[in-house]
Structure formats: C-alpha cells, structure tokens
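What follows is a single structure, written as structure tokens, with notes after it.
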Amino acid sequence: MLASRTSLFVAVLSLATIGGATLTPSHAQDDIRKRGDKACGADSRRMCSKFFGDDMQVLACLQTNKVRLAGSCRKFLTGIGQLH
C-alpha cells in the first residue's frame, strides 16, 4: 500500500507539471510516472511517508529536504520544474 501511495504521488506530481493529461499521450505519462517512482520513491518513503495522502505536502516535504535527496530525485524534480 505504501508503494501505491508513492506511485500516486508521483503520478499526480507528473500530471500537474506536464500541464494537463489530455494534452499528453498516455505512454509519455507512464514514462514520467516510472521515472518519478524510480528517482524519488525511496526518498519519499524515507522522509515524507507521514504526509502520504496529501500529495502537495509530500512534494513540499521533498522540496524542504532537497539537500538530503538522492541525486536522481533532485535531478527528476528539477527537470519537471518542481525544484530550484
């Protein structure tokens, strides 16, 4: 169940940053979801699990802890415009 919440977080984050699900082919969304899970799944479980259920708080938690993120997560979040 924890993994599915992480996947949901990444899916919502990905869709929010792409700019709308209807404009993006589903295979592109799936690719972003998979990359987000791979890049940030461990960090979100390790640092932000108490916020699962509120995707915006999970994102804020990751942003707050950006210096502790794995390089892959930091790169992913920066690439989708959620980390500066």
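Structure values in brief
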quantity	calculated
Long-range neighbours under 6 Å by Cβ, at least six apart or interchain, first residue at positive phi within the stretch 65-84, second part of a helix (DSSP H, G or I)	G81/T17
Enumeration of residues in the stretch 22-73 that are among the aliphatic types (A, V, I, L, M), part of a helix (DSSP H, G or I), modelled with pLDDT of 85 or more and over 16 Å from H84 (Cβ atoms)	A39, A42, M47, M56, V58
Hits in the stretch 51-69 - residues which are over 13 Å from the mean Cα position of the chain (by Cα) and closer than 14 Å to G36 by Cβ	none
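The values are calculated or read from the model by the stated rules, or taken from the named source; none is laboratory data. If you're wondering where the values come from, they're calculated on a predicted model, not measured in any experiment. Neighbour counts are summed over all protein chains in view; Cβ atoms, including those assigned to glycine, are modelled from backbone coordinates with ideal geometry.
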